[in-house]
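Here is the structure we will look at, set down as structure tokens.
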Amino acid sequence: MQPVSLASAILYRDSSLIVLNKPAGVKLHAGPAGGPALEDGFGDLSFGTRQTPRAAHRLDHDTSGCLLLGRHDKAIKKLGRLFSAGRIEKVYWAIVLHCPKEQEGRIDAPLIKRNSPAGWHMAVDSAGQKAETLYRVLASKAGLSWLEFRPRTGRTHQIRVHAAQLGSPLLGDTRYGGAQGDHNIPAGDGGGLLLHARSLTIPYREAAPPIQVEAPLPPRFRDMLKRIAAPELLPNS
């Protein structure tokens with residue numbers, strides 16, 4: 001991304017934190033494969049400070065929405081403690097196949113990383129790390145559902161695996177979704193699956209109210225929602 005694009009993606013900024021609206025289809029880190037990555041432009045978000053902002057958590061390549069950065073070492077350490085303590089509230093929206101039997105509930109399924117000749121993946125395994133996700137059905141129609149997820153832990157691919165475990169894999173998830181049929185997924189926005197980090201609530205300063213940030217929906221996600229939800233249920237942004 002060009003610096004101007006990163007600056008225009010800022011949802012919130014103060015002396016310690018930045019929240020970006022990450023686009024789908026962009027890697028956060030280059031990784032072993034190299035290539036362009038979102039963090040390549042973080043130096044242009046210093047705004048006169050000595051340190052380059054750093055991501056305090058991860059969002060997958062295809063995931064859009066709220067990405068939290070710390071602007072200095074002290075902020076990064078504090079955010080790490082808040083995430084570890086489960087004090088930062090993360091809300092994700094997703095379009096999934098089918099509709100869960102229950103309208104809301106909790107998925108408690110430990111996750112472990114497994115390697116294979118085709119590459120690595122995460123799997124549910126009692127020997128894995130604790131992973132817990134709350135979910136709620138927001139709307140459902142024609143074999144698709146709009147779900148809200150609130151992860152209580154931060155494991156790799158947690159929502160994707162837990163959605164599949166629920167029997168409602170993410171639409172467009174070729175790794176964990178199995179056979180998906182033809183639902184005419186809208187093109188654009190750079191992503192494959194439809195997963196959006198809708199909001200963050202960050203209790204950063206003890207003497208102040210939590211910082212609440214919400215990321216607007218990408219056009220592709222909004223287009224799909226129009227097929228599922230009644231007009232009065234659609235968010236304004």
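General remarks:
- Accessible area expressed per residue, region 106-160, with surrounding protein chains retained (probe 1.4 Å, Å²): 51
- Euclidean distance of C-alpha centroids, region 88-123 and region 25-48, integer Å: 26
- Average accessible surface area per residue within region 4-87, 1.4 Å rolling probe, Å²: 49
- Taken along its principal axes, the alpha carbon cloud of the chain reaches lengths of 51, 44, 41 Å, longest axis first.
- Carbon plus sulfur fraction of accessible area for the chain, probe 1.4 Å, in percent: 49
- In the context of the full protein assembly, residue 130 retains an accessible surface of approximately 110 Å², using a probe radius of 1.4 Å and ignoring ligands and nucleic acids.
- Region 1-85 - Debye-derived log10 I(q)/I(0), Cα point model, q = 0.10, 0.13, 0.17, 0.21 Å⁻¹: -0.22, -0.38, -0.66, -1.01
The values are calculated or read from the model by the stated rules, or taken from the named source; none is laboratory data. Small disclaimer: the values here were computed from a predicted structure and weren't measured. Areas reflect the complete protein model, heavy atoms only, side chains present, ligands, DNA and RNA absent. Shrake-Rupley method; radii C 1.70, N 1.55, O 1.52, S 1.80 Å.
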